[in-house]
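Quick notes on the structure that follows.
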Amino acid sequence: MKQMQSSNPAMKQFEQQSMSLGPVDELIVDDSQRMTVNGTINKTGILLMIVVAVGAFSWNTMVTNPGMGTVLMAVGAIGAFIASLVVSFKPTAAPIGAPIVAVLEGLFIGGFSAFFEARYPGLVVQAIGLTIAVMFSMLFAYRTGLIKVTGTFKKVMAFAMMGVVLFYLVGIVSSLFGSGLSYFEVGNSSLMNIGINLVIVGIAALMLVLDFDFIERASEQNTPKYMEWYGAFGLMVTLVWLYIELLRLLARFQDD
């Protein structure tokens, strides 16, 4: 079961629970109640469709009523963070919690995307295309063994993620005191910010590999069916994060 460990925060709680359950072949008897890769892919598709549908609504609201659009963005960001924590620490809630997170993330990225699109026409389509390209590139690298998920790789990614989270927290706290980090300024194209952005995009891309590895290994174990929603939740969160950072990066080059 150690092979199933992931650096994705969305996967951590289940791994800890799984290691305390004993032999995995005692968990599930009915094959139809076991997690599968195809089931996880289908549920990931459902979650992403929810994000897109709600995002379109939020986008339209931001365009027609910027004040309300900003409120929806704030509700989405805060709500998604709280709901993600609940799902992360209670995997059995994933069948209900994951769609809720998808709705809330849609509220945020819809308005977020509309803001960038208004300033840089065509940028959103580029960011979506790059996100899809990166996802399939990472899947290819994982499936062909170009990137191997080893224990060392997971540890390095865990430290990298902690660094990113700390960086985000510093940005949030500093903004509360009126001196936010320049990284979060729209389009700030300093070489330092571009470099930081590239590093974060790289970490997000590699997190996809860890998600793929977790989903594949979990499906090979006697894992409960609800974990399909949990795996889909983790993959969706990573993809949305990657998209947001790619949007920031593309905006920096537009202003360069």
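The values are calculated or read from the model by the stated rules, or taken from the named source; none is laboratory data. Quick caveat, the model's predicted, so the values are computed rather than measured. Every residue, glycine as well, gets a Cβ built from its backbone with ideal geometry; the counts of neighbours run over all protein chains shown. Note: areas computed on protein heavy atoms with side chains; ligands, DNA, RNA excluded. Shrake-Rupley method; radii C 1.70, N 1.55, O 1.52, S 1.80 Å.
Among the criteria (1) open to solvent by less than 50 Å² (accessible area, probe 1.4 Å); (2) modelled with pLDDT under 95; (3) not in a loop (DSSP other than H, G, I, E, B), the one Met157 does not fulfil is (2). With respect to the stated conditions, Gly122 is without any contact (Cβ under 8 Å) to a residue 24 or more places away in the chain and at positive phi.
The requirement of being at positive phi and touching a residue at least 60 places away in the same chain (Cβ under 8 Å) is fulfilled nowhere in the range 213-232; no residue meets it. Evaluating Ser179 against the criteria (1) of a type in the set (S, T, N, Q); (2) within 19 Å of Leu246 (Cβ to Cβ); (3) in a loop (DSSP other than H, G, I, E, B) leaves one unmet condition, (2). Only one of the numbered conditions (1) open to solvent by less than 40 Å² (accessible area, probe 1.4 Å); (2) free of Cβ contacts under 8 Å to residues at least 24 places away in the same chain is not met by Ser175, and that is (1).
Of all positions in the range 103-114, none carries a residue that is in contact (Cβ under 8 Å) with a residue 24 or more places away in the chain, open to solvent by 80 Å² or more (accessible area, probe 1.4 Å), among the charged types (D, E, K, R) and in a helix (DSSP H, G or I). Kindly provide the set of residues from the range 201-256 that are small (Gly, Ala, Ser) and out of contact with any helix residue (DSSP H, G or I) (no Cβ under 7 Å at 6 or more places or on another chain), ordered by number. Gly202, the sole residue that qualifies.
Condition check ((1) under 20 Å from Gly76 (Cα atoms); (2) over 17 Å from the mean Cα position of the chain (by Cα)) across all residues:
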{"residue": "Ala98", "(1), (2)": "yes, no"}
{"residue": "Ala102", "(1), (2)": "yes, no"}
{"residue": "Gly110", "(1), (2)": "yes, no"}
{"residue": "Phe115", "(1), (2)": "yes, yes"}
{"residue": "Val125", "(1), (2)": "no, yes"}
{"residue": "Gly129", "(1), (2)": "no, no"}
{"residue": "Phe136", "(1), (2)": "no, no"}
{"residue": "Phe140", "(1), (2)": "no, yes"}
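Looking across the range 115-152 at every residue that is under 17 Å from Met207 (Cβ atoms) and aromatic (Phe, Trp, Tyr), the one that is least open to solvent (accessible area, probe 1.4 Å) is identified as Tyr142. Would you point out the residue of the range 192-241, among those that are out of contact with any Leu (no Cβ under 8 Å at 6 or more places or on another chain) and among the acidic types (Asp, Glu), that is farthest from Arg34 (Cα to Cα)? That would be Asp213.
Restricting attention to the range 212-256, the residues that are in contact with a strand residue (DSSP E or B) (Cβ under 7 Å, 6 or more places away or on another chain), open to solvent by less than 20 Å² (accessible area, probe 1.4 Å) and not β-branched (Val, Ile, Thr) add up to 1.
Each residue in the range 185-198 was checked for being surrounded by 15 or more Cβ atoms within 10 Å (Cβ to Cβ) and either of a type in the set (A, V, I, L, M) or part of a helix (DSSP H, G or I) (or both), and 4 of them qualify. For the range 125-140, a residue qualifies if it is closer than 16 Å to Leu249 by Cα and touching a residue at least 24 places away in the same chain (Cβ under 8 Å), and the qualifying residues are Gln126, Ala127, Ile128, Leu130, Thr131, Val134. Taking every residue in the range 189-204 that is more than 22 Å from Ala133 (Cβ to Cβ) and among the polar types (S, T, N, Q) and pairing it with any residue that is in a loop (DSSP other than H, G, I, E, B) and open to solvent by less than 20 Å² (accessible area, probe 1.4 Å), at least 6 positions away or on another chain, yields no pair with a Cβ-Cβ distance below 6 Å.
Checking each residue in the range 32-47 for being over 19 Å from the mean Cα position of the chain (by Cα) and basic (Lys, Arg) picks out only Arg34.
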